[in-house]
Amino acid sequence: MVQPHPFGAWSLLPPLLAILLAILTRRAMLSLFLGVWSGGMIVAWDNAESALDIAAVPLVGVIEAFGWIVASFGDDTFHAEIITFTFLLGAGIALVWRMGGSIAIARAATDRVDSHRRVGLAAWLLGLVWFFDDYANTAIVGSAVKDIADEMRMSREKLAYILDSTAAPVATFGISSWVAFQISLIQTEYEQIDGETPSAVATFLWSIPFNVYCLLALLMVLIVVLTRRDFGEMLTAETRARETGNVTREDATPLQSMKEDLGEPVVDDPLVRTFVVPVAALVIVVMGGATITGFQAAGVTPAEAVSGGDALITLVDNVNFTGALVWGSFAMVATAVAMSLYYGVMDLEESMETVLDGFGIMLTAVSILVLAWSIGTVASELQTGQYVTDIAAGFITPTLLPVVVLLTTAVIAFSIGTSWGTMGIVTPVAIPLAYEVGNGSPEMLALAVGTVFSGAIFGDHCSPISDTTILSSTFAGADHIDHVRTQLYYAVTVIFVAMIVYLTYGLFGLSPFVLVPLGAVLLVGLVYALSELDAGRKNISAKPFAGTQRREASSDD
């Protein structure tokens, strides 16, 4: 039975309003603010006790809204660290740009990464390697390949898609903060269950083949990259880039634009090391800092960690990933400043001005992040996630369990724009339900965990208020709403196939080791069919350009 909810269906209004307005108007910040404001007015209306209170609802709503927005800056240390990391990374990228490092790495890679397909494959492979953190994944991979992608006439929308649809899915499989967080949620629920359960680590490991959306999302990126078959708005974007060399839409508003914001590099003959060394400093400090904090906080020895099991999970669970990102981004800035002075590229005053300019190129992204977090606060205040979960819980059967959990999680993630928040909301409901429906079956528990991951990442990919989606747009240099609109077609295609896989499993009990490869085959067929269908409708060619085609010089970065 669904419990009474304090706000009912009204709890869905703020996030859905923000998302709908963002997609229709392409104005992310205005749409997000209106969503936060609407949440404030709902709270004000609920507290109104007189006609005067009702008349003051819009004003009180604004007060509530700004209270949530201000709280998003500092109430959560995680948010403050991500803001600091983003600003510092912007400064590091700006310094590397002014020293010509980005251009040098693009020139050096052009001989090997000499086609649209190879750029996409390089970005995908780099994304798989950097599985420790999705934020750093988008930042490092985006910074490394953006200029090469421009050279090969890859649209910024396509690059943002590759970054976004690799970074978050791959973080759900390896040693990452995502996995440690989910395992801790599983363990918490197991402690509440009066019965025998497998270990939380074993449940996570068995959930990997059931994490169908994330597995297929990674395969979808590879399929699209290798075949160069696109559909939906991505086909329009790629056709524009291929035929005109314009990697962004004519009236687009990229979240960062190096040439417009920073000007041309200050050297004529840039060195590859001015890119490689600062980025290496970032990577080394992040990995080293994360490892050291993990060992210190967990109280385990290296030998215990290497042996695996609970000691390794305890280590990962105690790693300070966001703190390490801050230290690493500062190391990147310090290294870049030192190199600019050593090579005489810029003096100290010019370097500091570039640092401030780097902060500036991240201002739009940080503003959208803060407003997106504010929407998440509104959703928490109005108990949006609990409302959706309570409704879905009444329809769950063993056959429908994966699909219901998948769709419920997807709706919540889409609405509140955070995968972690969604997992925190749904896992405490999904685990007990799966235990009851499956009579304690370890496989049913693993299935529930896998579908929670899948739904959370899908909703995250489709939501314009998702932080990882915003950062993918930022480091690809794409218009944020253009990224959301183009990625949406692919994400929906993948979750459609994932639902078929889950339904087939529920009806026939086939192994996911068989179903996921069949899902991959279905994806290939859909990509070819939809690309031909959409190309015919738009009267353009669905076949990729044969050979190497570079972008001619233009004012667009």
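The values are calculated or read from the model by the stated rules, or taken from the named source; none is laboratory data. What you are looking at is a predicted structure, and each value in this text was computed from that prediction instead of being measured. Please note: Cβ atoms are built from the backbone with ideal geometry, for glycine as well, and neighbour counts cover all protein chains shown.
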Looking only at the stretch 99-114, and only at residues there that are modelled with pLDDT under 85 and touching a Leu at 6+ places or on another chain (Cβ under 9 Å), the one that is surrounded by the most Cβ atoms within 10 Å (Cβ to Cβ): 101
Residue in the stretch 373-388 that is at pLDDT 85 or above and either surrounded by fewer than 24 Cβ atoms within 10 Å (Cβ to Cβ) or more than 25 Å from residue 71 (Cβ to Cβ) (or both) present: no
Residue check for residue 150: of a type outside the set (Val, Ile, Thr), at pLDDT below 90 and out of contact with any Ser or Thr (no Cβ under 6 Å at 6 or more places or on another chain): yes
Check on residue 358, modelled with pLDDT of 75 or more, small (Gly, Ala, Ser), part of a helix (DSSP H, G or I) and surrounded by 24 or more Cβ atoms within 10 Å (Cβ to Cβ): yes
Pairs with Cβ under 8 Å, 6+ apart, first in the stretch 523-543 and part of a helix (DSSP H, G or I), second among the basic types (Lys, Arg): 527/229; 528/229; 531/229
Condition met for residue 252 (outside any helix (DSSP H, G or I) and modelled with pLDDT under 85): yes
Top-ranked residue of the stretch 32-46 - restricted to ones that are touching a helix residue (DSSP H, G or I) at 6+ places or on another chain (Cβ under 7 Å) and over 19 Å from residue 371 (Cα atoms), ranked as surrounded by the most Cβ atoms within 10 Å (Cβ to Cβ): 44
Unmet requirement for residue 441, which otherwise passes all of (1) hydroxyl-bearing (Ser, Thr, Tyr); (2) farther than 30 Å from residue 364 by Cβ; (3) modelled with pLDDT of 90 or more: (3)
Any hit, the stretch 497-507, residues being closer than 30 Å to residue 152 by Cβ and of a type in the set (A, V, I, L, M, F, W, C): yes
Filtered residue count, the stretch 478-496, keeping only those that are within 16 Å of residue 157 (Cα to Cα) and part of a helix (DSSP H, G or I): 12
Test: residue 210 is modelled with pLDDT under 90 and either surrounded by fewer than 18 Cβ atoms within 10 Å (Cβ to Cβ) or of a type in the set (A, V, I, L, M, F, W, C) (or both): no
Complete set of residues in the stretch 155-188 that are at pLDDT 75 or above and in contact with a Leu (Cβ under 9 Å, 6 or more places away or on another chain): 163, 164, 165, 166, 167, 169, 170, 173, 186
Where a residue in the stretch 78-94 is in contact (Cβ under 8 Å) with a residue 24 or more places away in the chain and its partner, wherever it lies, is outside any helix (DSSP H, G or I) and not β-branched (Val, Ile, Thr), with Cβ under 7 Å and at least six apart: 86/362; 87/362; 90/362
Restricting the stretch 328-350 to residues that are more than 16 Å from residue 270 (Cα to Cα) and among the polar types (S, T, N, Q), the residue that is surrounded by the most Cβ atoms within 10 Å (Cβ to Cβ): 329
